[in-house]
Amino acid sequence: MKVTLVAGARPNFMKIAPIIHEIKKVQKQGKKISFRLVHTGQHYDEKLSHSFFKQLNIPEPDVNLEVGSGSHAEQTANIMTRFEKELIENRPDIVLVVGDVNSTMACSISAKKLNIDVAHVEGGIRSRDMEMPEEINRLVTDSIADYFFTTSELANKNLRKEGHGNHKLFLVGNTMIDTLKANMNRLKKPALFDENNLKPKKYLVVTLHRPSNVDDAENLKMLLNTLEETSKDYKIVFPVHPRTQKNLKKIKLSDKFIITDPLGYLEFVYLVKNSFAVITDSGGIQEETTVMKIPCVTLRKNTERPETVTEGTNILAGIDPYKFRPHFQKLFSGKWKKGGVPKFWDGKTSPRIVKQLLKIYSGK
Ligand code: UD1
């Protein structure tokens, strides 16, 4: 069978890497499966893209569609047009998309319009927040996908409610956690750790890139000021996403903040693993902190990953900087919940996916 794997933006790379490694493994065992890796080029910076390929041993993509930045419609349209051409030239049995970025949705549409099967890894999760472009990407992708490799029973439930039969749903766990577990012994101390005299469990990590937190400079300033005032003598390491850079430049921060460019995967996970806590609006980091049992305060109104709150170390603090104070105070009081790990977030998800793909396509 022929699979086309799609990766477009930073959070896709750690989800696709273990699937590629597993396919290569079963190829060596004589299984008839081949893949083409398509990078849409949605993320193109060294720090948001290439460094992940190098660190996670992802092979060079067979093709890079080089779509780059643009409005949502421009980016989506460019990916669709270029991916359609790729599929006509190299028609697979199935296109496998991961996550919820614009590339995920755009490539699913192009594939289905050519009557090619689509499998969605991380299908079925829902924030119910239609202001998030990612929620629209999830809904559109899942409305047309043929198979779903899901991270939770709740995701399966959502998909059933939307009319998908059980035969399309495979609760397999979380490929992002496969990557986390596979790299735990390869983590790299970032240079900034010693340069700033950081001590384990004596600093925080902050990541912010959602429009609701970063697009308004006043809002971002208020948020960071509240954090600074409540965080006692903890230092605050803040790797800054390109989207956040513009408004951060307008804000004067104290020397408690250690501002840096986006970090490589191995350096970032090292930093999180040794931190006291993480403040974030990312999706994937909520999952990684739950597995590493690091307290996580998520600055969002909702999450498509509720098991990180009900089972894990995560809490939702909303997006109103005036209301963050009690959450931060609770964090620094040291009385945080311990948390458990959701079912199948065990580092063995990719073998489950590849096994299932081989089973589905063996009879076709
Ligand atoms: C995208 C994903 C989001 C994911 C995030 C992780 C969508 C809708 N959003 O958001 O789900 O959590 O990636 O990083 O797909 N830019 C660069 N270099 C790059 C890429 C982008 O400088 O390599 C700049 C762009 O010019 C743009 C900004 O960063 O101004 C935002 O990029 P964009 O891809 O639109 O969305 P993200 O916020 O990165």
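Structure summary
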quantity	calculated
Unmet requirement for ARG305, which otherwise passes all of (1) within 16 Å of the ligand (Cβ to nearest atom); (2) without any contact (Cβ under 8 Å) to a residue 24 or more places away in the chain	(2)
Extreme residue, surrounded by the most Cβ atoms within 10 Å (Cβ to Cβ), among residues of region 165-192 that are assigned to a loop (DSSP other than H, G, I, E, B) and aliphatic (A, V, I, L, M)	VAL172
Close pairs from region 181-194: first more than 16 Å from LYS235 (Cα to Cα), partner open to solvent by less than 70 Å² (accessible area, probe 1.4 Å) and not in a helix (DSSP H, G or I), Cβ under 7 Å, at least 6 apart	LYS181/GLY347; ALA182/GLY347
Those helices (runs of 4 or more DSSP H) lying entirely in region 33-118 with at least 3 residues more than 13 Å from the ligand (Cβ to nearest atom) and in contact with a helix residue (DSSP H, G or I) (Cβ under 7 Å, 6 or more places away or on another chain)	72-89, 102-113
Contacts under 8 angstrom Cβ, first residue in region 38-64 being more than 21 Å from VAL3 (Cα to Cα), partner modelled with pLDDT under 95, 6 or more apart	ASP45/PRO242; LEU48/PRO242
Failed condition for LEU263, given (1) open to solvent by less than 20 Å² (accessible area, probe 1.4 Å); (2) part of a loop (DSSP other than H, G, I, E, B)	(1)
Selection from region 1-28 of residues that are under 15 Å from HIS50 (Cβ atoms) and open to solvent by 10 Å² or more (accessible area, probe 1.4 Å)	ARG10, MET14
Output for region 143-164, where each listed residue is in contact with a helix residue (DSSP H, G or I) (Cβ under 7 Å, 6 or more places away or on another chain) and open to solvent by less than 40 Å² (accessible area, probe 1.4 Å)	ALA145, ASP146, TYR147, PHE148, PHE149, THR150, SER152, LEU159
Number of positions in region 227-260 that are under 22 Å from MET14 (Cα atoms) and open to solvent by 40 Å² or more (accessible area, probe 1.4 Å)	2
Residue in region 127-142 that is more than 16 Å from the ligand (Cβ to nearest atom), open to solvent by 10 Å² or more (accessible area, probe 1.4 Å) and at pLDDT 95 or above present	yes
Selected residue (criterion: farthest from GLU195 (Cα to Cα)) from residues of region 211-240 that are among the β-branched types (Val, Ile, Thr) and part of a helix (DSSP H, G or I)	VAL214
Some residue of region 38-47 being among the hydrophobic types (A, V, I, L, M, F, W, C), open to solvent by less than 10 Å² (accessible area, probe 1.4 Å), within 26 Å of THR151 (Cα to Cα) and touching an Asp or Glu at 6+ places or on another chain (Cβ under 7 Å)	yes
Matching residues, region 193-218, being within 16 Å of the ligand (Cβ to nearest atom) and either touching a His at 6+ places or on another chain (Cβ under 7 Å) or open to solvent by less than 50 Å² (accessible area, probe 1.4 Å) (or both)	VAL205, VAL206, THR207, LEU208, HIS209, ARG210, ASN213, VAL214, ALA217
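The values are calculated or read from the model by the stated rules, or taken from the named source; none is laboratory data. Bear in mind that the values here come from a model prediction, so they are computed numbers and not experimental data. We place every Cβ from the backbone using ideal geometry, glycine too, and count neighbours over all the protein chains shown. We work out accessible area using only protein heavy atoms, side chains counted, and drop any ligands, DNA or RNA first. Shrake-Rupley method; radii C 1.70, N 1.55, O 1.52, S 1.80 Å.
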